[in-house]
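Data first, discussion second: the structure below is written as structure tokens.
The values are calculated or read from the model by the stated rules, or taken from the named source; none is laboratory data. Small disclaimer: the values here were computed from a predicted structure and weren't measured. Cβ atoms come from the backbone with ideal geometry, glycine included; neighbour counts cover every protein chain shown. For accessibility, only protein heavy atoms count, side chains too; no ligands or nucleic acids. Shrake-Rupley method; radii C 1.70, N 1.55, O 1.52, S 1.80 Å.
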Amino acid sequence: GWSDFFTLVTTVSADDAANRIRTIGSFAAQQNPDASGIRRSPYSPDPAVNSQTYHDVIGTTAPHPLGEVWAATLWELYWALVDEYGFDEDLVHGEGGNNIAVQLVMDGMKLQACDPGFLDGRDGILAADEATYGGANRCIIWQVFANRGLGFEASQGENTNRNDGVESYRTQPDCIKELKIAK
């Protein structure tokens with residue numbers, strides 16, 4: 001998942017948009033660029049194009065089906081931050097959402113637990129945001145992870161067992177912008 005994410009972010013151009021379907025290995029698989037490539041789904045933050053969630057790692061046995069769910073989540077985070085802060089063509093010194101996303105993922109890898117599971121990775125990214133940006137992107141991060149089943153009440157179970165995780169689509173409670181009461 002990490003390698004797919006970094007491949008995707010290093011090939012984005014200023015005229016790209018979140019709705020552009022991206023693939024890994026479509027050329028090697030002799031497919032059109034909008035096919036799925038060597039992954040189960042092409043990458044897109046649009047759930048109509050890539051609906052993979054934390055539940056989709058259950059029952060997988062190879063590393064790639066596991067990693068593509070992680071990469072899909074990080075790709076959605078990338079575009080959520082680009083939507084918030086814009087795109088900066090300067091990949092090294094820029095201050096756009098694309099730069100923030102890459103910085104958060106890099107720093108999150110450093111701050112996550114050893115031998116991490118999905119939620120350890122999420123928590124590393126949240127810790128990176130707190131350390132680098134004072135938590136300014138916390139609710140964006142929580143919402144994206146909740147969209148992919150890695151929300152506030154998710155459980156990863158054992159970090160070495162891909163079959164015991166439990167999804168949650170709830171964001172952190174203090175990121176909810178309106179209170180709804182049902183009688």
- line: Computed ³J(HN,Hα) along region 167-183: with the Karplus parameters 6.51/-1.76/1.60, θ = phi - 60°, integer Hz and x for glycine or proline, the list is 6, 8, 9, 8, 7, 4, x, 6, 9, 6, 7, 9, 8, 10, 10, 10, 10
query: In nm, what is the difference between 0.36 nm times the number of residues separating ALA29 and ALA48 and their Cα-Cα distance?
result: 4.6 nm
- prompt: With θ set to phi - 60° and the Karplus curve 6.51 cos²θ - 1.76 cosθ + 1.60, what are the ³J(HN,Hα) couplings of region 38-51 in order, to the nearest whole Hz, using x for Gly and Pro?
  reply: 9, 10, 5, 9, x, 8, 6, x, 7, x, 6, 9, 9, 9
field: Mean-position separation - Cα centroids, region 1-67 and region 82-140, in angstrom
entry: 20
task: For each cysteine in the chain, check whether another cysteine's C-beta sits under 4.7 Å from its C-beta; list those where none does.
output: CYS114
statement: Of 157-165, 43-51, ordering from highest average Cβ density within 10 Å down gives 43-51, 157-165
field: Share of carbon and sulfur in the accessible heavy-atom surface of region 39-164 [1.4 Å probe, %]
entry: 50
task: Would you grab the residues whose amide H sits under 5 Å from the one on GLY86? Only those 5+ places off in sequence or on another chain, please, with H modelled 1.01 Å from N.
output: GLY97
query: For ARG22, what charge total do you get from the other residues with a beta carbon under 15 Å from its beta carbon, if Lys and Arg give +1 and Asp and Glu give -1?
result: -4
- line: With ARG148 itself left out, Lys, Arg at +1 and Asp, Glu at -1 over residues whose Cβ is under 11 Å from its Cβ give -2
task: Determine which residues of region 74-92 fall in the zone a paramagnetic label at LYS177 would reach in this model, i.e. backbone nitrogen under 13 Å from the point 7 Å along Cα→Cβ.
output: 84
- prompt: Tally Lys and Arg at +1 and Asp and Glu at -1 over the other residues with C-beta under 15 Å from the C-beta of ASP46: what net charge comes out?
  reply: -1
- prompt: Residues of the chain: accessible area per residue at 1.4 Å, in Å²?
  reply: 53
- prompt: Residues with amide H under 5 Å of ARG22's amide H, sequence separation 5 or more or different chain, H placed in the peptide plane at 1.01 Å from N; which?
  reply: TYR43
- prompt: Under 5 Å between amide H atoms, partner at least 5 residues away or on a different chain: which partners does SER36 have, H built in plane at 1.01 Å?
  reply: none
statement: Projected onto their principal axes, the Cα atoms of the chain stretch, largest extent first, over whole-Å spans of 52, 40, 40
query: Once phi is turned into θ = phi - 60°, what whole-Hz ³J(HN,Hα) does the Karplus curve with 6.51, -1.76 and 1.60 give for every residue of region 54-60, x standing for Gly and Pro?
result: 3, 4, 6, 7, 5, x, 6
- prompt: Which GluC sites (Glu not before Pro) in region 62-111 pass both tests, a DSSP loop state and at most 15 other beta-carbon atoms within 10 Å?
  reply: GLU89, GLU95
